[in-house]
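Inspection log for the structure reproduced underneath, given as structure tokens.
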Amino acid sequence: MKNIELNDLYDYVPLKIYQNNEYFKFSLDSVLIAEYIKNPEKINSILELCAGNCAISMILSTKTKAKITAVELQEEIFELGKKSIEYNNLSNQINLVCSDINNIENYFPGNKFDIIVCNPPYFDTKSSHLTNKEKIKAIARHEINLKLEDIFKISSKILDLNGELYIVHKPERLDEIIIFANKYNINVKNIQFVTTKPNDKSKLVLVRCIKGSHKNIKIDKNICIENLNTFKNIFWRE
């Protein structure tokens, strides 16, 4: 297939991932949010929203025996994820669904998940960042089909009580994340900023929320990418 590559999935040997050079490839964002999930070995069910080509779900498969459902809207990206799941023999653990996230309740009526994880589009349509002319990239990057608030609205319906929502985003959207979390009773519990170099400004923020929890936010120590030798097991050592 033209422009399709089979790449290593960072430190998670022997996992491989199919990617298309013309689309957005998985990035450090996906690796960090997958590592950020607390005690994955104790979880029974995980839902990944905005799954892309399933990097997060595949990384989580190395940490837990939980059933993982991954949802991706764009068929072209969905097909890459499907190929990767099959290549790595993960079809029994990861169920990849091609659907609009706003319709997800139709697939799991009455079901509740222990964990929801999401690496969403970062920019709203009014952002100063120019919307990419390539449709697939534009949908992955901008809130064309999914708004930030939608993630919390959907999660409030299908996340179990005391279930957790993990999201990676840009620090400048943190105020909105807290507002929506409070609105839908999935309150922010942990915030961790990520920098590339020790004295850099943070370009990413990792957020852990718990449905039905009290309002009490803990700001964890920054993670500096330059100081890491591996991405494995870098969080939750307290």
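The values are calculated or read from the model by the stated rules, or taken from the named source; none is laboratory data. Here the structure is a predicted model, which means the values were calculated and not measured. Reconstructed Cβ throughout: ideal geometry from the backbone, glycine too, with neighbour counts over all protein chains shown. These area figures cover heavy atoms from the full protein model, side chains too; ligands, DNA and RNA do not enter into them. Shrake-Rupley method; radii C 1.70, N 1.55, O 1.52, S 1.80 Å.
So here's what we get for this one:
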read-out: Per residue accessible area of the chain, 1.4 Å probe, in Å²; value: 50 Å²
read-out: Exposure of Tyr23 as accessible area (Å², to 10), given a probe of 1.4 Å and all protein chains; value: 40 Å²
read-out: Within the chain, helix-based [θ] at 222 nm, where runs of 4 or more DSSP H residues each add -39,500 (n - 2.57), nearest 500; value: -6500 deg cm²/dmol
read-out: Exposure ranking of Cys209, Cys50 by accessible area [1.4 Å probe, largest first]; value: Cys50, Cys209
read-out: Under 24 Å between alpha carbons - lysine pairs in region 33-101 that sit 8 or more apart or on different chains; value: 12
read-out: Largest-first ordering by accessible area, 1.4 Å probe, given options Tyr87, Tyr18; value: Tyr87, Tyr18
read-out: Set of aspartates and glutamates near Lys197 by C-alpha distance (under 14 Å), chain-local residues within fewer than 8 positions excluded; value: Glu226
read-out: Note, ³J(HN,Hα) from phi for region 171-188, Karplus 6.51, -1.76, 1.60, rounded to Hz, x at Gly and Pro; value: x, 5, 9, 5, 4, 5, 4, 5, 4, 5, 4, 5, 4, 9, 6, 10, 6, 5
read-out: Fraction of accessible area attributable to carbon and sulfur, region 15-97 (%, probe 1.4 Å); value: 43 percent
read-out: Estimated distance in nm for a label pair at Asp8 and Thr196, the labels positioned 7 Å out from Cα along Cα-to-Cβ; value: 2.2 nm
read-out: Alpha-carbon centroids, region 178-215 and region 23-101: separation in whole Å; value: 21 Å
read-out: Contour minus Cα-Cα distance for Asp124 and Asn222 (0.36 nm per residue); value: 32.7 nm
read-out: Neighbourhood charge, 11 Å Cβ-Cβ cut-off, centred on Val71 and excluding it, Lys, Arg +1 and Asp, Glu -1; value: -3
read-out: Amide proton proximity set for Leu96, modelled H, under 5 Å, gap of 5+; value: Ala70
read-out: Sequence-distant residues sharing a close amide H with Phe113 (under 5 Å, placed H); value: Leu159, Asp160
read-out: Option label - mean projected area of the Cα convex hull in nm² computed here, alternatives [x] 12.7; [y] 25.6; [z] 11.3; value: [x]
